[in-house]
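Below is one structure, written out as C-alpha cells, with a few remarks after it.
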Amino acid sequence: MGLFYKVTPKKLLQVRNEIFLKYGIPALQKNGFNESPYKGTRFGKYDAVTYIYDLCRSVNSSYLETITTYISKGDNWIVIKLNVFKLSPELKSLEQLKGLNGIQYLLPPNSVTEMRLRGNDFKGMPLFNTVRHKIKSFYTERGFHDRVNELSSLIEKDLNNIDSFIKRWHELHKPMVTDWEGKKVE
C-alpha cells in the first residue's frame, strides 16, 4: 500500500466524463446549446481513451456558436473550446444544417480563432491564472473527492455563464464569415 491515495487513469477518465455529463451538458442545454446537427458529429465516446462532445447554437439566425469538449485518458483536464462564426446565408434553424459536412469548422483557418475556456481567455500573466478545468493534485481519498466536487462546481458555474466567455471571445476575435459547411465566404 502506497503512502498516497492513487486513482487509475481509467477512473479519472470516467469521473471527468461523468462530471461533464451531469453538470456541463445540462448547463449548456439550458443556454440553448444542443448536439451539433452536422454529419459525423462526435457526441460521447470517441475511442477507448477519449470522449468528445460537439455542441452548437444559432444566435440571431446569423451566428453559429460552437463548443467542443475533449476528455482524454492520461490527464486531469476537461478541455472546452469555443468558436463563433458568422453564417452566410442566415439560418432559420439548426435543422437546416442536418446532414451537412461540418469538418471545415475543425480545420484551419476556422480553428485559428478557437478559445479554450479557462485556458487562453485570461487577461494578465498566465502564471496567476490558477482556476482551470482540471482535477488538481490530491493525496487522500477525501482530497480526491474534494477536487472532484471543486471541478464539478466550476464546470457548472462556467457553462451556466457561457455568455460571459462568448463576450470574451468577441473581445479577442472577429467571427469569420462562412457558408453553412464552414467554407470561408469572401
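The values are calculated or read from the model by the stated rules, or taken from the named source; none is laboratory data. Quantities reported herein were computed from a predicted structural model and do not represent experimental measurements. In this analysis, Cβ positions are derived from the backbone assuming ideal geometry, glycine residues included, and neighbour counts consider all displayed protein chains.
Look through G74, G119 and report the one residue that is closer than 17 Å to L172 by Cα and not in a strand (DSSP E or B).
Only one candidate qualifies: G119.
What's the number of the only condition in (1) in contact with a Lys or Arg (Cβ under 7 Å, 6 or more places away or on another chain); (2) farther than 21 Å from N161 by Cβ; (3) outside any helix (DSSP H, G or I); (4) not hydrophobic (A, V, I, L, M, F, W, C) that Q104 fails to meet?
Tallying (1) in contact with a Lys or Arg (Cβ under 7 Å, 6 or more places away or on another chain); (2) farther than 21 Å from N161 by Cβ; (3) outside any helix (DSSP H, G or I); (4) not hydrophobic (A, V, I, L, M, F, W, C), Q104 fails exactly one: (3).
Determine the pairs where a residue that is part of a loop (DSSP other than H, G, I, E, B), located within region 87-101, has a partner that is of a type in the set (G, A, S) with Cβ atoms under 6 Å apart, the partner being 6 or more residues away or on another chain.
E90/S61; E90/S62; L91/S58; L91/S61
Among what's in region 1-39 and is within 17 Å of the chain's Cα centre (by Cα) and of a type in the set (G, A, S), pick the residue that is nearest to I135 (Cα to Cα).
G24
Output the number of residues of region 149-186 satisfying the condition of being in contact with a Ser or Thr (Cβ under 6 Å, 6 or more places away or on another chain) and assigned to a loop (DSSP other than H, G, I, E, B).
The total comes to 2.
In the list Y70, Y46, Y53, which residue meets the criterion of being surrounded by 13 or more Cβ atoms within 10 Å (Cβ to Cβ), modelled with pLDDT under 95 and not polar (S, T, N, Q)?
Of Y70, Y46, Y53, the one residue that is surrounded by 13 or more Cβ atoms within 10 Å (Cβ to Cβ), modelled with pLDDT under 95 and not polar (S, T, N, Q) is Y46.
Matching residues to (1) among the hydrophobic types (A, V, I, L, M, F, W, C); (2) surrounded by 20 or more Cβ atoms within 10 Å (Cβ to Cβ); (3) closer than 21 Å to I155 by Cα:
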site: G40; (1), (2), (3): no, no, no
site: N60; (1), (2), (3): no, no, no
site: L64; (1), (2), (3): yes, yes, no
site: D75; (1), (2), (3): no, no, yes
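Residue check: is G99 small (G, A, S) and either exposed (fewer than 15 other Cβ atoms within 10 Å of the Cβ) or at pLDDT 90 or above (or both)?
So G99 fits the description; yes.
Does region 126-148 include one or more residues that are of a type outside the set (K, R), in a loop (DSSP other than H, G, I, E, B) and over 30 Å from K6 (Cβ atoms)?
Looking through region 126-148, none of the residues is of a type outside the set (K, R), in a loop (DSSP other than H, G, I, E, B) and over 30 Å from K6 (Cβ atoms).
Residues S72, S62: which one is touching a residue at least 24 places away in the same chain (Cβ under 8 Å) and touching a Lys or Arg at 6+ places or on another chain (Cβ under 7 Å)?
That would be S62, the only listed residue that is touching a residue at least 24 places away in the same chain (Cβ under 8 Å) and touching a Lys or Arg at 6+ places or on another chain (Cβ under 7 Å).
Report every pair of residues separated by at least 6 positions or lying on different chains whose Cβ atoms are under 8 Å apart, first residue within region 135-164 and closer than 21 Å to V84 by Cβ, second modelled with pLDDT under 95 and outside any helix (DSSP H, G or I).
So the pair list comes out as I155/H133; D158/L117; D158/R118; D158/H133.
Scan region 63-97 for residues that are among the small types (G, A, S) and either under 21 Å from the mean Cα position of the chain (by Cα) or within 18 Å of I162 (Cα to Cα) (or both) and report the count.
2
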